[in-house]
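Novice: Here it is, the structure in full.
The values are calculated or read from the model by the stated rules, or taken from the named source; none is laboratory data. Owing to the predicted nature of the structure, the values given are computational and were not obtained by experimental measurement. In this analysis, Cβ positions are derived from the backbone assuming ideal geometry, glycine residues included, and neighbour counts consider all displayed protein chains.
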2 protein chains.
Amino acid sequence: MQRHFDQELLDLKEKILRMGILVEEQVQGALRALIERDSDLARKIIANDRQVNALDVEVDEDCLRLLALQQPAARDLRFITTAMKISTELERVSDLAENICERALELNEEPQLKPYIDIPRMANWSLRMVKEALDAFVNHDADLARKVCTDDDFVDDLTHQLFRELLSFMLENPQTITRAIRITFISKYLERIADHATNVAELVVYMVEGKIIRHTMS
Amino acid sequence: MQRHFDQELLDLKEKILRMGILVEEQVQGALRALIERDSDLARKIIANDRQVNALDVEVDEDCLRLLALQQPAARDLRFITTAMKISTELERVSDLAENICERALELNEEPQLKPYIDIPRMANWSLRMVKEALDAFVNHDADLARKVCTDDDFVDDLTHQLFRELLSFMLENPQTITRAIRITFISKYLERIADHATNVAELVVYMVEGKIIRHTMS
């Protein structure tokens, strides 16, 4: 019984990682659609979102089943409820990849405003945070999780920097306003991806140490 | 034992409602700070956010304790995991109230751009959605929850309408750009509050009917 349960916990861990990889591919695809101005790819990424949603539903059902049948205690209980919550966070990251694609489709209808420099940097940074937060989850690594929480500041700084740059574009030439605002939205989506990574990391610290750090570190 | 457990479930329900009221007050306060250009109030609302955070932590701990000690099945199990997730959604709504206050503080440093008409409408509509989603939760009312999910479209429409209006401001007079963008951000925050209400409503349908409707209705 216990061995079977341990296997189910491993399966759950594996499913969360699979979901993480899929979500990462969604965000990377969205960025590629934006940078290469590839509307077909943007539409494909939007359609792919349902795969992430399906995994989210699966994780939820797996967790409920484990809670009902195994009635786990302490460490396992926290692992399962954390997995449920992480799945929600990942699903929201995928929604943001979809939002990036929606803005990319709009941006593709006009000439490119400027080469993208900060946006890919923000995306890479945010994705690394997501990846590290998931690594922290599967390895019960609270130190790595704490590092992710502090990484969030860098993304916020980049968002502000990019906003100031776009603002100067808009002031100089009102023709750029619509495009500049759409790019601002994209930077906000990336900022929110980093926020979700931070949420995951905070959940992991709680799972490992039984200590709630969310609401205290920001 | 069962009677004691029933009482604990009632306490949990009551705590979620209390959190809902607090979050509603936060959003209403943020709107008042914006409309009345009251920076002191904005700072007070930002400081109050910690009360919501404290309740979120409490709900989480209550739920984990109930899961560990009572090992509930079926209906009660779903009720408890749903409460955990709803608490997270409400906490995020309160974060958005804080974001509105941050933008209000920035807007208060410049003359008012225009009278607020759509913003209070969006706020009222979004808050009603949150309230109804919580009513649906405590009354196990899947019909009301489904209604909340469809209400979301109205907020999206208002956001687009307001964005077009602000865009024409910016095009006519670039001096308005910074303010118009801050107001656009506020409308996005209100849209996200409606999204959180929709998330809660979808969770309630699942709790009542055991059917996952999220990812299918949008």
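Novice: Can you confirm whether the stretch B:136-156 contains a residue that is within 14 Å of another protein chain (Cβ to nearest Cβ), over 19 Å from the mean Cα position of the chain (by Cα) and in a helix (DSSP H, G or I)? Lay out the reasoning, then the answer.
Specialist: Filtering the stretch B:136-156 for residues within 14 Å of another protein chain (Cβ to nearest Cβ) gives B:152, B:156.
From what is left, the residues that are over 19 Å from the mean Cα position of the chain (by Cα) are none.
Checking the stretch B:136-156: not a single residue is within 14 Å of another protein chain (Cβ to nearest Cβ), over 19 Å from the mean Cα position of the chain (by Cα) and in a helix (DSSP H, G or I).
Novice: Condition first: surrounded by 16 or more Cβ atoms within 10 Å (Cβ to Cβ) and more than 16 Å from A:T178 (Cα to Cα). Now tell me which residues in the stretch B:151-187 satisfy that.
Specialist: Those that are surrounded by 16 or more Cβ atoms within 10 Å (Cβ to Cβ) and more than 16 Å from A:T178 (Cα to Cα): B:D151, B:D152, B:V155, B:L158, B:I186, B:S187.
Novice: OK, next. Of the conditions (1) aliphatic (A, V, I, L, M); (2) over 19 Å from B:L190 (Cα atoms); (3) surrounded by 19 or more Cβ atoms within 10 Å (Cβ to Cβ), B:M19 clears all except one; give me its number.
Specialist: (2)
Novice: Right, another one. What's the number of the only condition in (1) under 19 Å from B:R103 (Cα atoms); (2) assigned to a loop (DSSP other than H, G, I, E, B) that A:F185 fails to meet?
Specialist: The one condition A:F185 does not meet is (2).
Conditions (1) at pLDDT below 95; (2) within 12 Å of chain B (Cβ to nearest Cβ); (3) surrounded by fewer than 20 Cβ atoms within 10 Å (Cβ to Cβ), marked per residue:
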| position | (1), (2), (3) |
| --- | --- |
| A:F5 | yes, no, yes |
| A:L34 | no, no, no |
| A:V59 | no, yes, no |
| A:A68 | yes, yes, yes |
| A:S87 | no, yes, no |
| A:S94 | no, yes, no |
| A:L107 | no, no, no |
| A:I117 | yes, no, yes |
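Novice: Right, another one. Condition (residue is outside any helix (DSSP H, G or I) and more than 9 Å from every other protein chain (Cβ to nearest Cβ)) applied to the stretch A:37-46: is it met by at least one residue? Show your work before the answer.
Specialist: Kept after step one, since they are outside any helix (DSSP H, G or I), are these residues of the stretch A:37-46: A:37-38.
Subsequent filtering for residues that are more than 9 Å from every other protein chain (Cβ to nearest Cβ) retains A:37-38.
There is at least one residue in the stretch A:37-46 that is outside any helix (DSSP H, G or I) and more than 9 Å from every other protein chain (Cβ to nearest Cβ).
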